[in-house]
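Report on one structure; see the data block that follows.
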There are 2 protein chains.
Amino acid sequence: MAEYVAPLRDMRFVLEHVVGLEELAKLEGFEHADPESVFGVLEEFGRLMSEVWSPTNPVGDAAGSTLVDGVVHTPPGFAEAYARYVEAGWPAVPFDPAYDGGGFPWLVGIVLQEMLNSANMALAMAPLLTQGAIDALVHHGTEEQRERYLKKMVTGEWTGTMNLTEADAGSDVGALRTRAVRQDDGTYRITGQKVFITFGDHDLADNILHLVLARTPDAPPGTKGISCFVVPKFLVGDDGALGERNDVVVLSIEHKMGIKASPTCVLEYGGRSQGAVGYLVGEEHAGMSAMFTMMNNARLGVGVEGLGLAERAYQRAAEFAGERTQGRAPGAAAGQRSPIVEHPDVRRMLLTMRACTEAMRALCYYQASQIDLAARHPDAAARTTAGARAALLTPLVKSWCTDLAETVTSLGIQVHGGMGYITDTGVDQHYRDAKITQIYEGTNGIQAMDLVGRKVPMRGGAVVGDLLADVRSTVEELAGAGDAFGPMHRELAVAVDSVEQATAWLMERGLADPVDALAAATPYQRLLATTVGGWMMARSALAAGRLLAAGTDGDDDLAGLLEAKVITARFFADHLLPEVRGLLPAVTAGGADVMALTAAQLARP
Amino acid sequence: MAEYVAPLRDMRFVLEHVVGLEELAKLEGFEHADPESVFGVLEEFGRLMSEVWSPTNPVGDAAGSTLVDGVVHTPPGFAEAYARYVEAGWPAVPFDPAYDGGGFPWLVGIVLQEMLNSANMALAMAPLLTQGAIDALVHHGTEEQRERYLKKMVTGEWTGTMNLTEADAGSDVGALRTRAVRQDDGTYRITGQKVFITFGDHDLADNILHLVLARTPDAPPGTKGISCFVVPKFLVGDDGALGERNDVVVLSIEHKMGIKASPTCVLEYGGRSQGAVGYLVGEEHAGMSAMFTMMNNARLGVGVEGLGLAERAYQRAAEFAGERTQGRAPGAAAGQRSPIVEHPDVRRMLLTMRACTEAMRALCYYQASQIDLAARHPDAAARTTAGARAALLTPLVKSWCTDLAETVTSLGIQVHGGMGYITDTGVDQHYRDAKITQIYEGTNGIQAMDLVGRKVPMRGGAVVGDLLADVRSTVEELAGAGDAFGPMHRELAVAVDSVEQATAWLMERGLADPVDALAAATPYQRLLATTVGGWMMARSALAAGRLLAAGTDGDDDLAGLLEAKVITARFFADHLLPEVRGLLPAVTAGGADVMALTAAQLARP
């Protein structure tokens, strides 16, 4: 099997022509992120991923991480792959220069994340969780905490974790019971058990900073009584040197369907002492705010996991389909056997994989660009607008990219036929890895509740209204763009009409009866996300069309890329975007039937 | 985890009120299959599945079958579970009394297959493949072959296999190279290697009858030169006693993503001799006809695998959702935590699983009833009609039920949240098992090619036309059935219109350009299958409505079942059937864009 190769040409196209890297690079602090520098960075990083990370991926799936005498061992090759990534300074790229970060746009960091995930998603989870922890400290930590911990986390020398879940508190974070008791010296003693802690222990880094949600003795019940603490695996002295081992113990690691190399730990805090030493991050009882900071960052990151897996699955399927011969395709000479890529139904599968992957890429990068604008745009109103759009898109990116990852990796197996089901082939790994992305960092159902409960109502519906207005401008542009854009115009117009009807229904009925809104949440989320995906594809196609019209100066490679963008977008419009036609009835059906069956009726036998 | 419990009430409802078991039981030879006898049989079989087969399923997933010194060992408990099934005479139920079969309708056999698959799909593959081999011998074997082999296969004392695939000949059966050389005594010597042979060896039975496709020395190329042979693991003497071990050797077994307990063998024929001894089944060069007999039987069987997995996934998800508490559902008192089944989005997932499973069940049973009518109806024209409908439905049942199995088992994990991803929970097994059903016995893409290439054109489109006319009658019936049936009426009418447009397009364009038809094949298959699924749900709901109107005599259980049928069918109409609205654009888009990209464009990086 060939290793992963970064799809640099498509990445570059999206950065330059869909999400406006050049404009971003003009913002204060991003001056060094001019397109040519960025593309140089991406090319170099792509090499590391192909040569060093990608070969470790099947090794990790086969060996898994293991727990021996209370210590987690990552699979062969992981420590070296991680060290190479750290030594070259890659983890720092998108972080604040104040903490020795590279000061590149978040957008660039997201492109790197895509590559990390395509090459080895299980290993990529170490930096992903570290980013979440960094974000929590940047936004909520004290100056002293930032000083003490951040630089080593930015360089990747230390990693971070997010400790939210307990056995009885999953989606229901407010039910958590881990205790934190304040000491006279201002530190806290943490006792309790956390589950599903990604990279809760490992042998990749010298220290681990656990961001832990816990409850102080006098805390009110529910989410309003949760505080956030940083609990280092090894205490860190004033001089930055590692001190005593804190009382955080790995009780077990989970055996999972996928991401077997990522150690998913049950962590016990303070079980062998009066409590693990922890330091309050932010105010007492304000932990949910730190949690949302970590989660929002991680939610885009999980969407990007879906994108990375989809890209890898596509590459392998396209390669296999070009090599495997079976049967005679239409138009082939009698007696000739054709590579299966010549069979229309195999092509249909490949185009589906490709179109989904390109839509996901454009959407993830667009979301990242909005995060950058929200942070850096000189105009306050523009920052607010971009921030609101990013907030609206977060559940869409997380849920849609991970649902599509399931579809795309499933098709990746299907293109391989029976060989796809054999573990030696290895494409089943992507499918098994993908399934977790629909679940963690808030299940996709939780995303849908966030969307209809918090995001759509923002500014009385105006945030989603602004988005739809932008989609409508693209519809108008498509109308004048010629026959090649006909299916995009037709289907995007249908889509935006459907979303408007669905949104109006939600705003009216959802306020009257939360059951109706909640029953509609998932189909609404899919409807809006697919429409936004279709918008991204249409914008890509329009940009490609403009570039083609301007002439490609005999650059056949570029012309081929641009033509492929238009064709792939048209395929998306004909084959994938029309799904929206079937979603409006589900949104507007209401919740009565959904809730009607009694427990006895639901338990069928 | 609770073990599988046969959904006897729903099975009974479908048998009695959707597919007409009572009418079938009036056909000659089926007199003993009156509904009460059948339900007694099902109840007893359900107990065996719950108590004996179901507990072996996770054991099989964990241990897998193993190959030690050339001998396949099935996982702990499998031999006993299989023996209990054989000792009680269950395998014989649907077979011809002439070979000691029970003479029950195929329909009843299919209900047993559903239970086998819900309880342990991997083990259920042994009888499934045996049935295919039985069918091949019944229809194509000599009287002497039937005498020698069939009775022991019907009782399950011996099992059968289907040997089609070779490393270079998968979907492209015509490319196979296994050789068969005729000897002076009329037997053949078989040499060659077959791959992906399910239960190619095992320790469940004393003998294995391999049905093997091979090529005689003078055979024309392609499928027209293929002959079919029966190759016993142990030669069988004239007295029925087992004789010499034949030269069939297991070279290896595959490591797979799922169905790990089912030994998938690479078999070598004649590698240590002048060839394995084989006996011609049917005429030389007519092997494809035997293959299609095996495959058609197996294709319904694979659809039923999807159904069985979906039912099991639903049962487990419904059970978990009733027990697991997280968060507060709408309407629950402040501070109360609710079982997740009270959360609308969890309900939506459960209802989706349930509606899909019920639609699959009705469709599979309906297909089986058509097979019975085709075999036994006293009127020749009715036999022909039923046979044509069964032929049309075969690719739909195989592809749709297996695609839905992926959806339903995926939701089964999703309902479990993070716990669903942990292998100890065990629901990931159903998802991993389900994936193969979309691939084997003809990938779902091959089913779609069969549908548009062979089935839709039957009688100039009249077979699909007759089906749509029946759907239209149901639409009319729904129109007069009252408000409760409104969504079913609305969506089934849209669906049947869409299928008619799509079929007309296919018949016209498909003949003109095979690429257009082949590019449309999968979306057309989904469109037609979803419509037929919606038809099944509507027929179920109408039957339930009639029974409710007639009164249930204070039988609250029955009333609850009937009400649930109507609600579940309405959910299907609102949430699942509207998918058809999005499929017509894909069908009629044509093949140009699908085939447009060059090899260089497809290989993205």
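When you scan segment A:242-258, do you find a residue that is in a loop (DSSP other than H, G, I, E, B), without any contact (Cβ under 8 Å) to a residue 40 or more places away in the chain and either more than 25 Å from the chain's Cα centre (by Cα) or farther than 19 Å from A:V71 by Cβ (or both), even just one?
So far as segment A:242-258 goes, yes, one or more of its residues are in a loop (DSSP other than H, G, I, E, B), without any contact (Cβ under 8 Å) to a residue 40 or more places away in the chain and either more than 25 Å from the chain's Cα centre (by Cα) or farther than 19 Å from A:V71 by Cβ (or both).
If you go through segment B:236-266 one residue at a time, how many are more than 23 Å from B:V281 (Cβ to Cβ) and either surrounded by fewer than 15 Cβ atoms within 10 Å (Cβ to Cβ) or aliphatic (A, V, I, L, M) (or both)?
Matching residues across segment B:236-266 total 7.
Can you name the helices (runs of 4 or more DSSP H) wholly within segment B:32-134 that have at least 3 residues being of a type in the set (A, V, I, L, M) and open to solvent by 10 Å² or more (accessible area, probe 1.4 Å)?
Those helices (runs of 4 or more DSSP H) span B:56-63, B:78-87.
Does B:T407 satisfy the criteria of being within 24 Å of B:L576 (Cβ to Cβ), surrounded by fewer than 24 Cβ atoms within 10 Å (Cβ to Cβ), more than 9 Å from chain A (Cβ to nearest Cβ) and among the hydroxyl-bearing types (S, T, Y)? Show your work before the answer.
Working: within 24 Å of B:L576 (Cβ to Cβ): yes; surrounded by fewer than 24 Cβ atoms within 10 Å (Cβ to Cβ): yes; more than 9 Å from chain A (Cβ to nearest Cβ): yes; among the hydroxyl-bearing types (S, T, Y): yes.
Spelling it out, B:T407 is indeed within 24 Å of B:L576 (Cβ to Cβ), surrounded by fewer than 24 Cβ atoms within 10 Å (Cβ to Cβ), more than 9 Å from chain A (Cβ to nearest Cβ) and among the hydroxyl-bearing types (S, T, Y).
Of the numbered conditions (1) farther than 22 Å from B:G417 by Cβ; (2) part of a strand (DSSP E or B), A:A214 fails exactly one; give the number of that condition.
(1)
Report yes if some residue within segment B:330-346 is basic (K, R) and out of contact with any strand residue (DSSP E or B) (no Cβ under 8 Å at 6 or more places or on another chain); otherwise report no.
Residues of segment B:330-346 that are basic (K, R), as a first pass: B:337.
Remaining after also requiring out of contact with any strand residue (DSSP E or B) (no Cβ under 8 Å at 6 or more places or on another chain): none.
There is no residue in segment B:330-346 that is basic (K, R) and out of contact with any strand residue (DSSP E or B) (no Cβ under 8 Å at 6 or more places or on another chain).
Just checking, does segment A:2-9 include any residue being loosely packed, with under 14 Cβ neighbours inside 10 Å and under 30 Å from B:L602 (Cβ atoms)? Walk me through how you get there before you give the answer.
Narrowing segment A:2-9 to residues loosely packed, with under 14 Cβ neighbours inside 10 Å: A:2.
Subset that is under 30 Å from B:L602 (Cβ atoms): A:2.
Scanning segment A:2-9, I find at least one residue that is loosely packed, with under 14 Cβ neighbours inside 10 Å and under 30 Å from B:L602 (Cβ atoms), so the answer is yes.
Yes or no, residue by residue, for (1) under 16 Å from B:A519 (Cα atoms); (2) open to solvent by 40 Å² or more (accessible area, probe 1.4 Å); (3) touching a residue at least 12 places away in the same chain (Cβ under 8 Å); (4) more than 8 Å from every other protein chain (Cβ to nearest Cβ):
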{"residue": "A:Q326", "(1), (2), (3), (4)": "no, no, yes, no"}
{"residue": "A:P330", "(1), (2), (3), (4)": "yes, yes, yes, no"}
{"residue": "A:A333", "(1), (2), (3), (4)": "no, yes, no, yes"}
{"residue": "A:V341", "(1), (2), (3), (4)": "yes, no, yes, no"}
{"residue": "A:R348", "(1), (2), (3), (4)": "yes, no, yes, no"}
{"residue": "A:M360", "(1), (2), (3), (4)": "no, no, yes, yes"}
{"residue": "A:Q370", "(1), (2), (3), (4)": "no, no, yes, yes"}
{"residue": "A:D379", "(1), (2), (3), (4)": "no, yes, no, yes"}
{"residue": "A:G387", "(1), (2), (3), (4)": "no, no, yes, yes"}
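Within segment B:217-235, how many residues are part of a strand (DSSP E or B) and open to solvent by 10 Å² or more (accessible area, probe 1.4 Å)?
Within segment B:217-235, the first condition is being part of a strand (DSSP E or B), and the residues that meet it are B:226-232, B:234-235.
Right, trim to open to solvent by 10 Å² or more (accessible area, probe 1.4 Å) and you get B:234-235.
Number satisfying all stated conditions: 2.
Would you pick out the residues in segment A:360-390 that are within 14 Å of the chain's Cα centre (by Cα) and either more than 20 Å from A:P105 (Cα to Cα) or of a type in the set (G, A, S) (or both)?
Result: A:A362, A:A368, A:A390.
I'd like the full set of residues that are within 7 Å of another protein chain (Cβ to nearest Cβ), part of a helix (DSSP H, G or I) and out of contact with any Gly (no Cβ under 9 Å at 6 or more places or on another chain), limited to segment A:576-594.
Once the filter is applied, which keeps residues that are within 7 Å of another protein chain (Cβ to nearest Cβ), part of a helix (DSSP H, G or I) and out of contact with any Gly (no Cβ under 9 Å at 6 or more places or on another chain), segment A:576-594 yields A:P585, A:A586, A:D593, A:V594.
Helices (runs of 4 or more DSSP H) wholly in segment A:421-508 with at least 3 residues that are away from chain B (no Cβ under 11 Å) and open to solvent by less than 10 Å² (accessible area, probe 1.4 Å) - which ones?
On the way: elements: A:427-437, A:444-450, A:462-479.
Passing ranges, in order: A:462-479.
Among the residues of segment A:561-575, count how many are open to solvent by 10 Å² or more (accessible area, probe 1.4 Å) and at the interface with chain B (Cβ under 8 Å from one of its Cβ atoms).
Initial filter on segment A:561-575 (open to solvent by 10 Å² or more (accessible area, probe 1.4 Å)): A:561, A:563, A:566-567, A:570, A:574-575.
Within this subset, residues satisfying the condition of being at the interface with chain B (Cβ under 8 Å from one of its Cβ atoms) are A:561, A:563, A:567, A:570, A:574-575.
Selection size over segment A:561-575: 6.
Looking at B:V18, B:V5, B:V71, which is the one that is over 21 Å from B:R546 (Cβ atoms) and more than 14 Å from every other protein chain (Cβ to nearest Cβ)? Working first, answer last.
Numbers: B:V18 fails: over 21 Å from B:R546 (Cβ atoms); B:V5 fails: more than 14 Å from every other protein chain (Cβ to nearest Cβ).
Of the residues listed, the single one that is over 21 Å from B:R546 (Cβ atoms) and more than 14 Å from every other protein chain (Cβ to nearest Cβ) is B:V71.
Among the residues of segment A:33-48, is there at least one that is touching a Ser or Thr at 6+ places or on another chain (Cβ under 9 Å) and more than 26 Å from A:L251 (Cα to Cα)? Give the derivation first.
Initial filter on segment A:33-48 (touching a Ser or Thr at 6+ places or on another chain (Cβ under 9 Å)): none.
Looking through segment A:33-48, none of the residues is touching a Ser or Thr at 6+ places or on another chain (Cβ under 9 Å) and more than 26 Å from A:L251 (Cα to Cα).
Residue under question is A:A286, and the condition is that it be under 25 Å from A:Q447 (Cα atoms) and out of contact with any Ser or Thr (no Cβ under 9 Å at 6 or more places or on another chain); does it hold? Before the answer, list the steps.
Details: under 25 Å from A:Q447 (Cα atoms): yes; out of contact with any Ser or Thr (no Cβ under 9 Å at 6 or more places or on another chain): no.
No: the conditions fail for A:A286.
Sort out which residues of segment B:518-550 are small (G, A, S) and in contact with a Lys or Arg (Cβ under 7 Å, 6 or more places away or on another chain), and write them in order of number. If you could, list the steps in order and put the result at the bottom.
As a first pass, look at segment B:518-550 and keep what is small (G, A, S): B:519-521, B:529, B:533-534, B:538, B:540-541, B:543-545, B:549-550.
If the condition is that a residue be small (G, A, S) and in contact with a Lys or Arg (Cβ under 7 Å, 6 or more places away or on another chain), then B:A519, B:S540, B:A541, B:A544 are the ones that fit.
Scan (1) free of Cβ contacts under 8 Å to residues at least 60 places away in the same chain; (2) in contact with a Ser or Thr (Cβ under 7 Å, 6 or more places away or on another chain) for the single condition A:E508 breaks and write down its number.
Among (1) free of Cβ contacts under 8 Å to residues at least 60 places away in the same chain; (2) in contact with a Ser or Thr (Cβ under 7 Å, 6 or more places away or on another chain), A:E508 violates only (2).
Consider segment A:314-323. How many of its residues are without any contact (Cβ under 8 Å) to a residue 60 or more places away in the chain and either β-branched (V, I, T) or at the interface with chain B (Cβ under 9 Å from one of its Cβ atoms) (or both)?
Of segment A:314-323, the ones without any contact (Cβ under 8 Å) to a residue 60 or more places away in the chain are A:318, A:322-323.
Adding the requirement that they be either β-branched (V, I, T) or at the interface with chain B (Cβ under 9 Å from one of its Cβ atoms) (or both) leaves A:318, A:322.
Of the residues in that region, 2 qualify.
I'm checking my understanding of the structure. Among residues of segment A:288-313 that are more than 13 Å from every other protein chain (Cβ to nearest Cβ) and among the charged types (D, E, K, R), which one is farthest from A:P7 (Cα to Cα)?
A:R299
I need the full set of residues from segment A:135-190 which are of a type in the set (A, V, I, L, M, F, W, C) and open to solvent by 60 Å² or more (accessible area, probe 1.4 Å), in order please. Talk me through it step by step, then tell me what you get.
Here is the first cut: in segment A:135-190, the ones of a type in the set (A, V, I, L, M, F, W, C) are A:136-138, A:150, A:153-154, A:158, A:162, A:164, A:167, A:169, A:173, A:175-176, A:180-181, A:190.
Passing the criteria: only A:A167.
State the number of residues belonging to segment A:259-296 that are assigned to a strand (DSSP E or B), within 19 Å of A:R215 (Cβ to Cβ) and of a type outside the set (V, I, T).
Result for segment A:259-296: 7.
The values are calculated or read from the model by the stated rules, or taken from the named source; none is laboratory data. From a predicted model like this one, the values you see are computed outputs, not experimental measurements. Note that we place each Cβ from the backbone using ideal geometry, even for glycine, and neighbour counts take in every protein chain shown. SASA here: full protein model, heavy atoms, side chains in, ligands and nucleic acids out. Shrake-Rupley method; radii C 1.70, N 1.55, O 1.52, S 1.80 Å.
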